[in-house]
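Worksheet for the structure shown next.
The values are calculated or read from the model by the stated rules, or taken from the named source; none is laboratory data. This one's a predicted model, so the numbers in the text were calculated from it and none came from an experiment. When we count neighbours, we look across all protein chains shown, and the Cβ atoms used for this are built from the backbone with ideal geometry, even at glycine.
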Amino acid sequence: MQTINKKRVTSIEVAKRAGVSQATVSRAFNPNSKMQDKTRKKVFDAAKELNYTPDAIARSMSSNKTDIIAVIMKNPTNPFYAKILTSFSNAFQKYNKQILFFNLEDEKNSDAVMQQVLQYRVDAILLTSSPISFDWIDNCAQFDIPVLLFNRYSNNHNVTAVCCDNVEAGRHCADYLIKKGYTQFAYIGSIEDVSTSIDRQKGFLDRLQEQGFTVCDTYKCTFSYEAGQQIMRDILSHKTKKYDAIFCANDLIAAGCMDVARYEYNLHLPKDLAIIGFDNIDLSAYPSYNLTTFIQPLEDMIKKTVQLIINPSDSDLERHLFLYPCEIIERKTT
């Protein structure tokens, strides 16, 4: 089969057709550049006539920017993080920037992932749920690549983070369950030492203790439906431990707990057991679950994260932690 080599139209040809300089053509395709509307339209019309598209690689070489943001995440199949990934992609595209996704399942592979990220000369790195060593973040400083954390933070590193106030959410959960009349509590968190789960547990247990409830058992598992099922089987198999309310670190764990409690132990929710999740994924609102859960203000959090990368203010640069309040959504499991 014969292939047809079609020559790529250059910005020089567009400039000639529009009657402007090559620099004007480059500026016209930069949404942040100031230019008269009629001039920009003249360039766009010429580009359309010639079927011209800007060369992102050439532009990155001249500006020393690639307009690529690296997003490093663990388990993108988790509905919560899949939503985050899509939302960031849409948000950055409004600024003509693209995300490059890296899946990091194991911290042992962090060095290899780091080398891959650096090969693409990304403009910034966004860490979400990755089990990455914070030494890795320190190493990025020598390459002048800004690193931001989303939905997690570190007390030991001077790195900017955007996340919800998980401690306050845990406290709110305790108050809510106590007000409902529950007295025997358990918390199911992450098997990994991540700030989200640690803070939710801290807020929950601290507030319970303040209210006179000194006993609250804690369990750990992965953030998955299957792990929620297994941990609930372990809990319910111990006849001596009776809980009337369980706070789960995410909705997938909560859904797994619900199904085991209902279908394997014939418990009625919330009469026999109350369950609260976290993240408000789509599944939590399904009629088969109707799960009481917490919702994070993702739109505001993502908007702030993008702004910190695209155009941080002086006051932003002085802060390193941006916390956003969560809200509880009451459904049928409490």
Exercise for review: Please tell me if N109 is assigned to a helix (DSSP H, G or I), more than 14 Å from R152 (Cβ to Cβ) and at pLDDT below 85.
Suggested key: yes
Review point. Would it be correct to say that F223 is of a type in the set (F, W, Y) and assigned by TED's automatic domain parsing to the domain that holds K74?
Key: no
Review point. Does at least one position in region 118-129 carry a residue that is surrounded by fewer than 17 Cβ atoms within 10 Å (Cβ to Cβ), among the aliphatic types (A, V, I, L, M) and either outside any strand (DSSP E or B) or at pLDDT 80 or above (or both)?
Key: yes
Point to revise | region 184-212, subset among the small types (G, A, S) and closer than 30 Å to N75 by Cα, residue surrounded by the fewest Cβ atoms within 10 Å (Cβ to Cβ) | key: S195
Study note, to complete from the structure: How many residues of region 259-289 are over 21 Å from the mean Cα position of the chain (by Cα), over 17 Å from T218 (Cα atoms) and surrounded by 15 or more Cβ atoms within 10 Å (Cβ to Cβ)? The answer is 8
Review point. When region 290-322 is examined, which residues are found to be surrounded by 15 or more Cβ atoms within 10 Å (Cβ to Cβ) and aliphatic (A, V, I, L, M)?
Key: L291, I295, L298, M301, I302, V306, L308, I309, I310
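Yes/no per residue for (1) surrounded by fewer than 16 Cβ atoms within 10 Å (Cβ to Cβ); (2) outside the structural domain of S284 (by TED's automatic domain parsing); (3) in contact with a Pro (Cβ under 8 Å, 6 or more places away or on another chain); (4) modelled with pLDDT of 90 or more:
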position	(1), (2), (3), (4)
K38	yes, yes, no, no
A46	no, yes, no, no
R59	no, yes, no, no
A82	yes, yes, yes, yes
K94	yes, yes, no, yes
Review point. So which residues in region 256-303 are in contact with a strand residue (DSSP E or B) (Cβ under 7 Å, 6 or more places away or on another chain), among the polar types (S, T, N, Q) and part of a loop (DSSP other than H, G, I, E, B)?
Key: N280, Q296
Revision key, fill the gap. Taking region 137-168 and the residues there that are outside any helix (DSSP H, G or I) and of a type in the set (G, A, S), the one that is nearest to L208 (Cα to Cα) would be S154
